[in-house]
1. So which helices (runs of 4 or more DSSP H) are wholly in segment 618-669 and hold at least 2 residues that are under 20 Å from K729 (Cβ atoms)?
2. Taking into account only those residues within segment 254-266 that are buried (at least 20 other Cβ atoms within 10 Å of the Cβ) and hydrophobic (A, V, I, L, M, F, W, C), which is nearest to H209 (Cα to Cα)?
3. Please tell me if A216 is among the aliphatic types (A, V, I, L, M) and crowded, with 22+ Cβ neighbours inside 10 Å.
4. Which residue out of F180, F139 is in contact with a His (Cβ under 7 Å, 6 or more places away or on another chain), among the hydrophobic types (A, V, I, L, M, F, W, C) and crowded, with 24+ Cβ neighbours inside 10 Å?
5. Any residue at all in segment 661-672 that's in the same structural domain as N625 (by TED's automatic domain parsing), closer than 27 Å to H397 by Cα and surrounded by fewer than 16 Cβ atoms within 10 Å (Cβ to Cβ)?
6. Within segment 497-513, is there a residue that is surrounded by 15 or more Cβ atoms within 10 Å (Cβ to Cβ), part of a loop (DSSP other than H, G, I, E, B), in contact with a Phe, Trp or Tyr (Cβ under 7 Å, 6 or more places away or on another chain) and not small (G, A, S)?
7. Taking N520 as the residue in question, decide whether it is modelled with pLDDT of 90 or more and more than 17 Å from W594 (Cβ to Cβ).
8. Could you give me the residue pairs with C-beta distances under 6 Å whose first residue belongs to segment 495-517 and is in the same structural domain as I479 (by TED's automatic domain parsing), whose second residue is assigned to a helix (DSSP H, G or I) and of a type in the set (S, T, N, Q) wherever it lies, and which are 6+ apart or on separate chains?
Amino acid sequence: MLYIRIKYPLIALLFAILLTPLNVLGQQKDQDTLSLIKKFHTEAMTSLAGQGYDQAIINLNKAYRLSKAPKYQSEKIDILFSIAQVNYFIQNYEKASIETQKIIKLLDKTTEQQALAEAHTLMGLISTRLGDFEKSEKFLRKADDWFTANNDEQYRANVLLGFGILELKKDAYRNAVNYFDAALPNFEGDRYKYQKAFTLLNKSEALLHLSNLDVANSLGKSKKALEDAMAIIQENNYTRLEIDSHKIASYIALQDNDYAAARESMQIYETRNDSLYRVYLSAISKGIDAESNVVDLTQIIADQQDNIDKQQRSINFGKMTTGLSIALIVILSLLTLSLYKNNNLRAKANELLQDKNNELQLAKEKAEKASLAKAQFLSTITHELRTPLYAVTGLTHLLLEEDPKPHQKEHLNSLKFSGEYLLSLINNILDLNKLEANKVEVEKTSFNLKKRTNDVLVALKKSADDRKNNLHFEFDESIPEKLMGDPLKLSQILINLIGNSLKFTQNGEVNVRIRKLGENKDRVTLRFEIEDNGVGISKKKQKSIFETFSQASLQINRKFGGTGLGLSIVKNLLELMGSKIQLESQLGKGSKFWFDINFAVVEEVKEVRNPQNIIYDVDYVALENRNILVVEDNKINQMITKKILEKNKMKCLVADNGSDAVALVKENNFDVVLMDIHMPGISGIEATQEIRKFNKDLPIIALTAVTIDENLDDFYRAGFNEIIPKPFKTEEFFEKIYRTLESRNLLVN
């Protein structure tokens with residue numbers, strides 16, 4: 001059917017041309033060629049808009065044939081651009097490359113530098129698809145240099161998009177996301193909807209290859225990019241992009257472990273992509289036929305016209321028959337070649353589909369391994385960081401209780417403050433998604449702002465001295481002494497901002513200013529400023545400096561170190577507290593960060609003596625002489641917990657593992673068991689389950705360094721009455737022990 005459908009229209013066309021009366025041929029020769037060129041070009045674009053790719057290619061070939069005369073060179077270049085772009089769109093990249101090389105060759109002889117830069121952009125995109133990354137980067141770099149020099153941001157956005165696709169193909173996914181983000185702001189308005197949707201789809205795919213350590217909430221951002229792209233695609237009926245969106249949706253479903261949805265999306269993608277690829281193959285085939293036939297028919301017409309001129313309008317029937325025979329042989333040969341190429345293209349398409357299936361399988365396995373590795377990493381690093389930190393905070397507490405000298409007490413208070421800050425920082429790093437999703441709660445406690453800020457400055461004094469910086473503090477004394485808010489998060493914000501200024505300043509000044517902007521009867525608005533005269537930040541980088549793991553440059557990272565996480569945490573914490581970080585900076589002159597924040601004012605309350613020493617609603621006298629079993633395999637942690645308990649006149653026994661704990665509970669009458677979870681032999685959960693088989697009423701509290709946000713139910717099901725995460729505040733530690741005993745009516749002496 002393919003042979004008949006193509007063959008007969010071409011024969012009919014050939015007969016029509018050769019048998020047309022000579023006066024009609026003369027009239028056609030006199031037609032306005034320029035009008036015909038524009039007509040065919042316009043009809044081609046109309047066909048393309050309706051996805052009639054084969055008719056578009058045919059009309060473009062007609063227009064190109066008519067534009068070969070030197071006087072139509074401008075039109076010829078425009079048509080070549082259209083031919084190259086259409087072939088790029090239908091994935092006929094070799095043909096697109098040939099036509100674009102023609103454009104570059106023609107433009108090299110002219111002064112049309114903008115058109116040449118556009119041709120370089122197109123050649124870069126085509127080379128990326130052909131796998132020639134070195135050639136792609138060369139052409140994109142040429143285009144970028146010209147558009148940058150001429151301050152043409154709109155056209156440069158296409159170059160940035162090209163760089164993004166190149167980085168995506170090279171598996172440099174973080175770089176790809178940066179290029180796509182740089183290009184997107186320039187694709188606003190109806191004219192650039194296709195580019196915007198296309199960019200968002202590629203950004204979504206790139207984000208899928210990144211972990212949360214590369215880009216915070218990478219999966220969520222990938223979903224958002226796909227959602228934004230789909231809104232544009234569905235509004236404008238972009239078939240090609242809509243098909244590709246199903247592939248990305250399948251990859252996202254895989255990362256969500258929704259294999260049914262992943263399989264459904266991939267089946268839709270493969271079915272519809274195969275159908276569209278058949279359309280592309282048909283268009284490519286028609287283009288080959290049309291281009292070849294136009295060349296041959298043009299030659300036949302030229303030969304016939306020459307014969308007409310020589311023989312003075314006398315046509316020899318024998319020569320005509322010979323010409324027709326030759327034409328038929330050529331047509332049959334072209335059809336054979338077309339069928340051969342069609343078969344090759346189909347075979348290539350099948351290979352591509354098989355490769356895509358293999359890629360999907362590898363992506364699935366990679367996603368599963370990454371998810372497992374992430375879970376194992378978080379579990380291990382949480383325990384490994386919290387365990388030594390418990391020793392730091394515990395020993396600091398014990399030293400403060402031993403009546404240290406005044407200068408020692410100052411150091412110990414700084415150490416205690418730093419330990420609390422480090423614990424908060426570890427929590428934020430390990431659970432950055434929770435912070436950015438605004439799931440972290442803001443505490444409401446009273447605190448002294450001036451003292452809290454001085455604690456921060458004392459903790460950072462050594463850092464200032466090491467870099468020979470002068471650290472100045474200006475505090476508005478009209479600020480109320482007691483405020484209500486979250487002092488730990490405020491300290492974290494200040495220590496990040498001040499520490500950042502100290503790190504990027506050498507032999508300079510760092511000024512910390514806190515002043516009152518306004519106050520009513522129960523609230524006060526304060527402005528915090530941190531200003532330095534260090535290296536400064538460029539205008540370009542000021543927009544991205546608050547992104548996760550972002551620094552001003554690679555050179556800055558290598559020179560000054562750091563993860564680039566501090567300013568991102570500051571931004572998220574301030575947004576959580578209803579504020580926003582602001583920045584002014586110049587390279588070489590320094591930077592100033594500031595933010596405004598509201599606090600409630602707390603009225604001063606006189607302290608009342610408490611003869612029973614009740615703190616946090618804890619009756620410490622009622623806890624005296626209680627028998628406590630501490631189950632802990634870490635010797636340092638054993639010593640710290642035991643000393644904290646004994647300082648409150650409680651009796652304490654220690655078990656090194658779960659098996660010993662079970663045996664001691666059988667032999668002794670304990671009031672409370674403090675049970676670690678990860679121990680040699682049987683775990684704390686298994687030991688608790690064993691104890692519950694013979695003792696249902698003994699209070700057992702989990703004292704553990706693991707992250708328990710998602711495991712509370714498992715602990716309670718195992719038989720625990722309460723959970724205390726390490727490190728802990730001593731007051732909260734005793735309060736939970738007291739509440740556990742009180743709730744079970746075990747405080748009666």
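1. Numbers: elements: 620-623, 635-647, 658-667.
Per the criteria, 620-623, 635-647.
2. Once the filter is applied, the top-ranked residue is L254.
3. Details: among the aliphatic types (A, V, I, L, M): yes; crowded, with 22+ Cβ neighbours inside 10 Å: no.
For A216, the condition - among the aliphatic types (A, V, I, L, M) and crowded, with 22+ Cβ neighbours inside 10 Å - is not met.
4. Details: F180 fails: in contact with a His (Cβ under 7 Å, 6 or more places away or on another chain).
Matching residue, one of F180, F139: F139.
5. Looking through segment 661-672, none of the residues is in the same structural domain as N625 (by TED's automatic domain parsing), closer than 27 Å to H397 by Cα and surrounded by fewer than 16 Cβ atoms within 10 Å (Cβ to Cβ).
6. Just the residues of segment 497-513 that are surrounded by 15 or more Cβ atoms within 10 Å (Cβ to Cβ), to begin with: 497-505, 508-513.
Cutting the leftovers down to part of a loop (DSSP other than H, G, I, E, B) gives us 504-505, 508.
Those left that are additionally in contact with a Phe, Trp or Tyr (Cβ under 7 Å, 6 or more places away or on another chain): 504.
From the residues that got through so far, the ones that are not small (G, A, S) too are 504.
Yes, some residue in segment 497-513 is surrounded by 15 or more Cβ atoms within 10 Å (Cβ to Cβ), part of a loop (DSSP other than H, G, I, E, B), in contact with a Phe, Trp or Tyr (Cβ under 7 Å, 6 or more places away or on another chain) and not small (G, A, S).
7. Criteria not met by N520.
8. Here the result reads L502/S463; V510/S501, each pair linking segment 495-517 to a residue that is assigned to a helix (DSSP H, G or I) and of a type in the set (S, T, N, Q).
The values are calculated or read from the model by the stated rules, or taken from the named source; none is laboratory data. Owing to the predicted nature of the structure, the values given are computational and were not obtained by experimental measurement. Counting neighbours? That spans all protein chains shown, and the Cβs are built from the backbone with ideal geometry, glycine included.
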